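Peer 1: Got a structure here, written out as structure tokens. Questions coming.
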Amino acid sequence: MKRLQIKTAQNVNINFTLANVGQRLFAFGLDNILKFAYIYFAIKFLDFKTFETAFDGDTWSIKAIDILIFLPVSFYSLYTELLLDGQTVGKKIMQLKVINSEGFKPSTTDFVMRWFLRVVDFNLFMLLVVYVSSLGLGNENVLFFLLFFFGKMIGFLLILFTKNNQRFGDIIANTVVISRKDDVQFSETIIENISNQYVPTYPNVIKLSDNDARIIKDTFQSATKFNDDKTLIKLSSKIIEVTEIKSVHKTDKEFIDVVLKDYNFYTQNM
């Protein structure tokens with residue numbers, strides 16, 4: 001399994017597992033099942049002859065209706081990734097997600113770019129196929145199959161052989177697809193899971209460094225796990241010495257927990 005290492009604003013390295021070609025192909029297959037199901041039911045239950053009668057043979061209007069009906073299929077990956085925060089239905093089932101290669105949420109432009117460039121990844125030679133077919137060489141069927149197959153393989157081969165398992169659309173949009181089956185846990189870093197409504201108590205925590213915060217968190221978790229009150233007392237005293245904070249909490253455990261949360265609040269919002 002390939003991994004992507006991203007350094008956060010707090011200088012913490014977080015590793016993500018990149019989705020492999022098999023996972024992405026399976027998600028792609030699930031998405032296409034949904035697309036084909038939509039097309040099947042659209043053809044089965046919509047009376048296209050009614051449209052032809054209603055527009056009295058107006059070819060352009062009839063074509064426009066056809067395009068509107070099948071737009072959800074054409075734009076499927078774009079609007080699902082936008083609405084589902086980087087996931088299509090297939091990716092959601094497979095626990096995959098599109099992120100920016102720097103660890104941020106991709107912008108709308110990024111999603112549009114990777115969607116638009118599917119034409120390169122999966123349909124590279126369709127125009128060439130049409131051109132070859134128009135030449136009347138007698139072996140168009142073989143050429144059509146070879147070109148169609150190779151065109152569909154571009155995305156597959158790029159995912160297989162590029163460093164970060166990126167198809168062409170990912171490379172240009174600066175995105176990667178990660179597996180969420182082993183999401184990094186907050187406890188593995190100095191990052192604390194705090195709510196948007198969190199109100200800090202100790203502004204002086206900004207005197208701490210990222211390394212200080214890592215040491216404090218590791219020591220705090222170890223001491224808490226083994227009910228080591230002596231270590232908690234020493235740790236609390238050291239924090240007060242370095243930051244010149246006056247604790248307003250009744251216990252050392254509560255104090256240290258708030259210090260870690262405050263540190264995250266200020267470093268994330270500075």
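Peer 1: Pairs to check: Lys2/Lys97; Lys91/Lys152; Lys230/Lys261; Lys2/Lys261. Give those whose C-alpha atoms are more than 27 Å from each other in this structure.
Peer 2: Over 27 Å Cα-Cα: Lys2/Lys261.
Peer 1: What FRET efficiency comes out for Ile172 versus Ile69 if R0 is 30 angstrom and r is the Cβ-Cβ distance? Round to the nearest 0.05.
Peer 2: The pair Ile172/Ile69 has a calculated efficiency of 0.50.
Peer 1: May I ask for the net charge around Phe26, where only other residues with Cβ less than 14 Å from the Cβ of Phe26 are counted and Lys, Arg are +1 while Asp, Glu are -1?
Peer 2: It works out to a net charge of +3.
Peer 1: Net charge around Gln166, counting only other residues with Cβ within less than 12 Å of its Cβ (Lys, Arg = +1; Asp, Glu = -1)?
Peer 2: Charge balance in the 12 Å sphere: +3.
Peer 1: Once you treat every alpha carbon in region 186-269 as an equal point and sum by Debye, what is log10 I(q)/I(0) at q = 0.14, 0.17, 0.21, 0.23 Å⁻¹?
Peer 2: -0.42, -0.63, -0.98, -1.19
Peer 1: Sticking with this structure for a sec: Give the residue from Asn264, Asn204, Ile240 lying farthest towards the positive end of the charge dipole for region 186-269; charges sit on Cβ (+1 for Lys and Arg, -1 for Asp and Glu) and the dipole is referred to the Cα centre.
Peer 2: Ranked along the dipole, the leading option is Ile240.
Peer 1: So how do Arg24, Arg3 line up by other beta-carbon neighbours within 10 Å, fewest first?
Peer 2: The most exposed by this proxy come first: Arg3, Arg24.
Peer 1: Now a separate question. Fewest to most neighbouring Cβ within 10 Å: what's the order for Arg167, Arg180, Arg118? Walk me through the intermediate numbers first.
Peer 2: Numbers: Arg167 26, Arg180 18, Arg118 15.
So the residues, fewest neighbours to most, are Arg118, Arg180, Arg167.
Peer 1: I need Tyr198, Tyr263 ordered by Cβ neighbour count within 10 Å, fewest first.
Peer 2: So the ranking, lowest neighbour count to highest, is Tyr198, Tyr263.
Each value in this text was obtained by applying a stated rule to the coordinates, not by laboratory testing. Predicted model only: the values in this text are computed from it and were never measured. All Cβ positions, even for glycine, are placed from backbone atoms using ideal geometry, and neighbour counts span all protein chains on display.
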